1. For a Förster distance of 35 Å, can you work out the FRET efficiency between the beta-carbons of Gln133 and Arg100, rounded to the nearest 0.05?
2. Would you kindly find the accessible area of Lys94, with a 1.4 Å probe and non-protein molecules such as ligands, DNA and RNA excluded, rounding to the nearest 10 Å²?
3. Tell me, what ³J(HN,Hα) does each residue in the range 131-145 have, in order and in whole Hz, if you take phi through Karplus 6.51 cos²θ - 1.76 cosθ + 1.60 with θ = phi - 60° and put x for Gly and Pro?
4. Summing Lys, Arg as +1 and Asp, Glu as -1, what charge do residues with Cβ under 11 Å from the Cβ of Ile115 carry, Ile115 excluded?
5. Students often check this: by mean Cβ neighbours within 10 Å, which of 130-141, 18-29, 46-57, 62-73 ranks highest, and how do the rest follow?
6. Treat the range 31-138 as a sphere of radius equal to its Kirkwood radius over Cα pairs and apply Stokes-Einstein at 20 °C in a medium of 1.002 mPa s; give the translational diffusion coefficient in µm²/s, rounded to a whole number.
7. Starting from the Kirkwood radius over alpha-carbon pairs of the range 35-97, derive D by Stokes-Einstein at 4 °C in a medium of 1.567 mPa s and give it in µm² s⁻¹.
8. Roll a 1.4 angstrom probe over the protein heavy atoms and tell me the percent of accessible area of the chain that is carbon or sulfur.
Amino acid sequence: MMNLISGGHLRTRILSTLLIPMIGLASLSTMSVISQRHNETKAGALVTYLNLAVRSGNLLQETQKERGLTSLFLNSKGASSGSDLEAQRVNTDKALVEFRAYRDAHVKAFPAETINALDGVNEHLQDLQQRRQAVTALSIDTTSAISWYTDLNNALLNTAETLAVNSPSAA
């Protein structure tokens with residue numbers, strides 16, 4: 001390389017002197033672009049996780065309200081909170097529709113552990129209508145009904161924990 005610089009024409013010497021820094025600059029630029037693309041991908045995945053966590057949290061809040069009204073309804077033997085419970089069931093159903101729609105649209109974005117947690121929630125939710133009918137008919141005791149809602153809420157909390165553990169780093 002030194003022979004090329006000392007023995008060549010001026011133009012050749014200038015070009016060869018600039019070639020190494022230009023290659024280095026091109027390499028650094030390429031690495032920077034790759035790093036930014038990687039960060040964009042991670043940020044997009046993080047948004048997906050956060051959106052599911054929000055919907056899971058919304059569903060949890062509504063099921064907790066429904067659990068409380070169910071307890072009041074059953075403890076009063078159906079004499080109080082019936083209309084409030086029906087209205088809350090509508091709110092729970094809305095949150096459930098949003099949760100399921102988002103989960104179904106993005107299920108491939110999550111690792112197996114998160115999908116297993118989501119499946120656990122889904123297993124509990126399969127009994128929702130049956131439990132509601134039993135509550136309305138007063139054919140279930142308060143402890144059993146509240147225990148079922150508690151198990152559902154624990155499954156939702158497990159999903160939130162799994163999302164937090166498996167989500168991509170924001171850094």
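1. 0.95
2. About 120 Å², rounded to the nearest 10.
3. With coefficients 6.51, -1.76 and 1.60, one gets 5, 4, 4, 5, 5, 4, 7, 6, 9, 10, 7, 4, 4, 5, 5 Hz.
4. Surrounding charge for Ile115 is 0.
5. 62-73, 46-57, 130-141, 18-29
6. The diffusion coefficient I find is 134 µm²/s.
7. 95
8. Exposed carbon and sulfur together represent 58 percent of the surface.
The values are calculated or read from the model by the stated rules, or taken from the named source; none is laboratory data. The model shown is predicted, which means the values in this text are computed figures rather than measured ones. Cβ sites come from the backbone with ideal geometry, for glycine too, and all protein chains shown count toward neighbours. Remember, those area values only see protein heavy atoms, side chains included, never the ligands or the DNA or RNA. Shrake-Rupley method; radii C 1.70, N 1.55, O 1.52, S 1.80 Å.
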